[in-house]
Amino acid sequence: MAAPGAASAGVLFVLALLAAAARADTDAGDVAALGILYSSWNSPAQLAGWSAAGGDPCGAAWTGVSCSGTAVTSLKLSGMELNGTLGYELSSLQALKTMDLSDNFLHDAIPYQLPSNLTYLNLAKNNLSGNLPYSISTLVSLEYLNLSHNSLFQEIGELFGSLNSLSELDISFNNLTGNLPISMGSLSKVSSLYMQNNQLSGTVDVLSNLSLATLNIANNNFSGMIPQEFSSIPNLIVGGNSFVNMPASPLPALTPPKNPRDQPNHPQGPVSAPTVLDTPIDQDDKKLQTGPLVGIAVGSIAVASCVLFTLVFCLYKARKRNDDGSSEPKDIVGSLAVNIDRASNREIPIPNNSHENVVVATSDLQKMTPERVYGANGSTAKKAKVPVTATSYTVAALQVATNSFCQDSLLGEGSLGRVYKADFPNGKVAAYPNT
């Protein structure tokens, strides 16, 4: 009768052992390492469940911590606004595979002792400084390494000789200097390599035998020749360097404007294309449509036509004014010559201060030089310039010549008074004003 009771007791004992194993605490080394991290980050309140005095990260489900049994295998705290350093006990996290502490405010140097079994390490977008620690070379299982957007400087050491599993490396946007390490050429599985925006120099021949799908080395101080092998890289960006065979930028493609009725009702996704330019270019922003080009051409022709028409019109008006100005004086001078010829052998009297009458013979008008003459229409031309030659007569001679200013000799009245006809014995005839 005692046998069944003993069997039941044995079963209960086994169950108790299994329950104790299930409630086992997290590995002590992992707890200590996480506690030091928590303290170096100034015990942030956003990390719920964390404690610097110990605890059970796996059993109590600390924020961002994942476990496998009693070992911490994953630490994901990206964008948690953590501020501090990386501590000095990360190497105690022996089972840690993934560590993502990107997009925080972590500063100072990367620790020389890192978890040795990491496969994924992301420390991007922090304020980390110093160089790349030698402990990176011991991470033989590492597949992804991102240290971009920090303040790392100095030369890159020979760290990559044993990283045969690394498929993506991003050290862009730092202040790294010097030549590329020779060990970088042994990254047999790397497919994406980002090193843009540093101060790296020398040649890039060490990368020529890598099987890359993406290579960005823009904005450095590289020089020499771009290896011919780079032509097989689908996504290649090399601008901002001093290569002697820098590829030329292709001209933007011209495509005819699309009819809105021909557009599909569903939006089309972006189409990516490999490029070898300085920076990636959005093709939608660079395409020139035929419509705007035609508009520009038509507008230019219209403006040119208006300018030409205005120029011709101005030349026509100027020539017309020159023709009118040159023909009018000729007519006036011509009529003046006719009047002078008709007035031959006539004299114009001019009074002087000696109470004698000075009579100018009209035959002398032929010696006049045109100075300015006023036409009948108000326009101005050259008038006759009278030479100073005159014949003087006494009052008695004029009385005789005009028959004592009789009415028969009266020619008319003007602004100078009455004008009489005077017949002189020498045959000359003159008009004399009697004021």
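Is region 211-218 home to any residue that is farther than 25 Å from Lys125 by Cβ and either open to solvent by 80 Å² or more (accessible area, probe 1.4 Å) or at pLDDT 95 or above (or both)? Scanning region 211-218, I find at least one residue that is farther than 25 Å from Lys125 by Cβ and either open to solvent by 80 Å² or more (accessible area, probe 1.4 Å) or at pLDDT 95 or above (or both), so the answer is yes. How about region 226-249: which of its residues are touching a strand residue (DSSP E or B) at 6+ places or on another chain (Cβ under 7 Å) and under 15 Å from Leu180 (Cα atoms)? Those that are touching a strand residue (DSSP E or B) at 6+ places or on another chain (Cβ under 7 Å) and under 15 Å from Leu180 (Cα atoms): Ile226, Asn241.
For (1) surrounded by fewer than 22 Cβ atoms within 10 Å (Cβ to Cβ); (2) more than 27 Å from Glu81 (Cβ to Cβ); (3) not β-branched (Val, Ile, Thr), each residue gets a yes or a no:
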| position | (1), (2), (3) |
| --- | --- |
| Asp103 | yes, no, yes |
| Ile110 | no, no, no |
| Ser116 | yes, yes, yes |
| Thr119 | yes, no, no |
| Asn122 | yes, no, yes |
| Lys125 | yes, no, yes |
| Ser135 | yes, no, yes |
| Thr138 | yes, yes, no |
| Ser141 | yes, yes, yes |
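The set of residues in region 48-70 that are at pLDDT below 95, under 23 Å from Pro111 (Cα atoms) and aliphatic (A, V, I, L, M) comprises Ala52, Ala53.
Residues in region 181-206 that are over 23 Å from Tyr120 (Cα atoms) and either in contact (Cβ under 8 Å) with a residue 60 or more places away in the chain or in a helix (DSSP H, G or I) (or both): Ile182, Asp205, Val206. Consider region 124-135 and keep the residues that are assigned to a loop (DSSP other than H, G, I, E, B) and among the polar types (S, T, N, Q). The one that is farthest from Thr177 (Cα to Cα) is Asn126. Being at pLDDT 95 or above and polar (S, T, N, Q) is a property that holds for Asn198. The sole residue among Ser43, Ser68 that is free of Cβ contacts under 8 Å to residues at least 24 places away in the same chain, surrounded by fewer than 17 Cβ atoms within 10 Å (Cβ to Cβ) and of a type in the set (Ser, Thr, Tyr) is Ser43. Annotation for region 228-240: no member residue is open to solvent by 20 Å² or more (accessible area, probe 1.4 Å) and closer than 22 Å to Tyr134 by Cα. Here Gly84 fulfils each of the conditions (1) open to solvent by 10 Å² or more (accessible area, probe 1.4 Å); (2) on the phi > 0 side of the Ramachandran plot apart from (1). Entry remark, region 68-90: residues being outside any loop (DSSP other than H, G, I, E, B) and closer than 19 Å to Ala52 by Cβ number 5 in total. Within region 143-202, being buried (at least 19 other Cβ atoms within 10 Å of the Cβ) and small (Gly, Ala, Ser) holds for Ser148, Ser172.
The values are calculated or read from the model by the stated rules, or taken from the named source; none is laboratory data. This structure is a prediction, so every number in the text was calculated from the model and none was measured. Don't worry about glycine lacking a Cβ; one is built from the backbone with ideal geometry, like all the others, and counts go over all protein chains shown. Heavy atoms of the whole protein, side chains included, go into the accessibility calculation; ligands, DNA and RNA do not. Shrake-Rupley method; radii C 1.70, N 1.55, O 1.52, S 1.80 Å.
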